[in-house]
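Remarks on the structure that follows.
The values are calculated or read from the model by the stated rules, or taken from the named source; none is laboratory data. All figures in this text were calculated on a predicted structure; none of them were measured in a lab. Here Cβ is always computed from backbone atoms with ideal geometry, including for glycine, and neighbour counts include all displayed protein chains.
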């Protein structure tokens, strides 16, 4: 049963790691990803749901297998097969989404400026957090027709700022900064999904081996 305990703890750890990544992505990346009109958030919610499911199933599976329920090992192996497929799907969806995301983000940010009515929480937060202004730079706000007032979120010092004085606002555009920030974090998200995808393969093999061991032990006891 030592090998089962090692595997069980490995999958519990995987579930907790995926849960942490999902929560982190929801809390830290979601508001920036939402600047793209194509973002739906499905992958993040799937990661959260899958991680919770892994932790819950591990608890019930361990209790059942302790009682020598051989069938549960095969059921658990089938569950791990589904986890493997879902992890591959998550990684593929993240990769495909990122392939078209930069253009979509730029279009979404540009449209946000055109239709901006304060407060636009996500865009204002991005400008304050990354110390940036506009898409390419602060001139994106003043090149519109009719011209828009540069928002306070662009101010270097919000307590002492006149946005008409362009020296008081951030000079750096937000698009390049957000793309670089998301690229580094997407690499982590994609890497974690790919890494977690192959752990169930090990679990499937272990579950089948343990099931065969229980089956053999049962027959030996009968004989």
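Filtered by the rule that a residue be in contact with a strand residue (DSSP E or B) (Cβ under 9 Å, 6 or more places away or on another chain) and touching a residue at least 24 places away in the same chain (Cβ under 8 Å), region 165-181 gives 169, 170.
Yes/no matrix, rows are residues, columns are (1) under 15 Å from the mean Cα position of the chain (by Cα); (2) surrounded by fewer than 16 Cβ atoms within 10 Å (Cβ to Cβ); (3) at pLDDT below 80:
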| position | (1), (2), (3) |
| --- | --- |
| 170 | no, no, no |
| 175 | no, no, no |
| 181 | yes, no, no |
| 186 | yes, no, yes |
| 196 | yes, no, yes |
| 199 | no, no, yes |
| 202 | no, yes, yes |
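Given the criterion more than 30 Å from residue 149 (Cα to Cα), surrounded by 13 or more Cβ atoms within 10 Å (Cβ to Cβ), at pLDDT 75 or above and under 22 Å from the mean Cα position of the chain (by Cα), identify the matching residue among 88, 94. Matching residue, one of 88, 94: 88. Of the residues making up region 157-168, just one is exposed (fewer than 15 other Cβ atoms within 10 Å of the Cβ) and either under 31 Å from the mean Cα position of the chain (by Cα) or in a helix (DSSP H, G or I) (or both), namely 167.
Would you confirm, using the coordinates I've provided, whether residue 154 is in contact with a strand residue (DSSP E or B) (Cβ under 6 Å, 6 or more places away or on another chain), surrounded by 20 or more Cβ atoms within 10 Å (Cβ to Cβ) and at negative phi? For residue 154, the condition - in contact with a strand residue (DSSP E or B) (Cβ under 6 Å, 6 or more places away or on another chain), surrounded by 20 or more Cβ atoms within 10 Å (Cβ to Cβ) and at negative phi - is met. Kindly list the number of the only condition in (1) at pLDDT 90 or above; (2) on the phi < 0 side of the Ramachandran plot; (3) surrounded by 16 or more Cβ atoms within 10 Å (Cβ to Cβ) that fails for residue 126. Only one criterion is unmet by residue 126, namely (1). If you go through region 118-133 and keep only what is in a loop (DSSP other than H, G, I, E, B) and closer than 17 Å to residue 37 by Cα, you end up with just 120.
The combined condition, being surrounded by 16 or more Cβ atoms within 10 Å (Cβ to Cβ) and touching a strand residue (DSSP E or B) at 6+ places or on another chain (Cβ under 6 Å), is fulfilled by residue 138.
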